[in-house]
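The next block holds one structure in the form of structure tokens; read it before the comments.
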Amino acid sequence: MSREPNTCGDVLPVLIIGSGPAGLTAALYAARANLKPFVIEGLEAGGQLMITTTVENWPGYRDGIMGPDLMEEMRMQAQRFGATIVSGRVTRVDLDSRPFGVWTDDCGYRAQTLIIATGASAKWLGLISERRLVGHGVSSCATCDGAFFKGRPIAVIGGGDTAMEEALFLTRFASKVTVVHRRDKLRASKVMQEKAFANPKIEFLWNSEIEEILDVDKGEVSGMVVKNIVTGETSTLDVDGVFVAIGHTPNTELFRNHLALNPNGYIVTKGTHTSVDGVFAAGDVQDYTYRQAITAAGSGCMAAIDAERYLENMEFDEHEAAAHEHVQASSPR
């Protein structure tokens, strides 16, 4: 019979799960408010920016900054103001008890407030070549990386609204956008289909799936091997970039029976407040619209401020209750 990990330390004012832009910004703001935030960074420390090469749309870096470098700067800044950051994988949470419980493989923690910033994971094709070329011509974010492909041919993989949005956006930069879809019709909404079909820069490759992305040896995308699933024939499509747009999966499995989630699994929030008082969510784990590093950071700031106000109100309520008990005890009977 497995034994529950021991509780580590005192009750924490603020515990943050996740160490991407949302989690680290929340840590920075909470630390500057002297709340001594405690961050469990997760297995993918730093989030999706850790597999991003140059980030050109983060304000303040006119020449861009490497994704891992940006996350290291954010991490060190949060630590400078007093945030504690530990490696660990959260295995279980208890949001029914107060203070809240969070367990990793090694330790159990209790916290008065919880900020969830576990992000969302892009769905990938599962190819070895795809994994090795992520950040080198393979991307899951058109608004992040589209500007790198001015005047160059690119491909978008997928057939839903996300794929059509990515394809339409990428026509601002690319010489041609080829949408590769494994069916003979799109799953996207009618209005998105009409926009895509009407754009002269977008072409469609139906009943097709990707067998390999070229060229791993060169360290950059030079094309794709595409198979027609009806005829079985293979061909090479010359492209300089591949955008995989088959959806995202929010990292919310831990919270499925504890918090309100929308039908796609994202945490339902009002601002950053979740369905449980004292639990807040920030970043891609609750944002399925923008999914940008800067918007994730902004919501991390909001979550920290919301947590600070929650703690202030909790402290005020406790003082009020204590004062009321004192008056009751001292009243003549």
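Just so you know, all these numbers are worked out from the coordinates, no wet-lab data involved. Just so it is clear, the model here is predicted, and its values are computed rather than measured. Note that each Cβ is placed from the backbone with ideal geometry, even for glycine, and that neighbours are counted across all protein chains shown.
Brief remarks on what is shown
- Helices in the chain that qualify as membrane-span-like (whole DSSP H runs, Cα extent of at least 30 Å along the helix axis, mean Kyte-Doolittle hydropathy of -1.0 or higher) are 293-330.
- Computed log10 I(q)/I(0) for segment 128-244 at 0.09, 0.10, 0.11, 0.14 Å⁻¹: -0.21, -0.26, -0.31, -0.51, from the Debye equation with unit scatterers placed on every C-alpha and solvent omitted.
- Restricting the calculation to Cα atoms, the chain shows an Rg/Rh of 1.08 when the hydrodynamic-style radius is the Kirkwood one.
- The dipole here belongs to the chain: it is taken about the Cα centre, uses +1 on the Cβ of Lys and Arg and -1 on the Cβ of Asp and Glu, and is about 560 debye.
- ³J(HN,Hα) computed for each position of segment 50-65 - Karplus, 6.51 cos²θ - 1.76 cosθ + 1.60, integer Hz, glycine/proline x: 5, 10, 10, 7, 8, 9, 9, 10, 9, x, x, 10, 5, 9, x, 8
- Helix-only CD estimate at 222 nm, as mean residue ellipticity for the chain, using -39500 (n - 2.57) per DSSP H run (n ≥ 4): -9000 deg cm²/dmol
- Partnerless cysteines, meaning none of the other Cys C-beta atoms lie under 4.7 Å away, in the chain: Cys301
- In a fully extended conformation the segment linking Asn257 and Met76 would gain 61.7 nm over its present Cα-Cα distance, using 0.36 nm per residue.
- Gain upon complete extension [Tyr290, Lys185; 0.36 nm per residue less C-alpha separation]: 35.2 nm
- Around the Cα centre of segment 128-244, unit charges on the Cβ atoms of Lys, Arg, Asp and Glu (plus for the first two, minus for the last two) sum to a dipole of about 380 debye.
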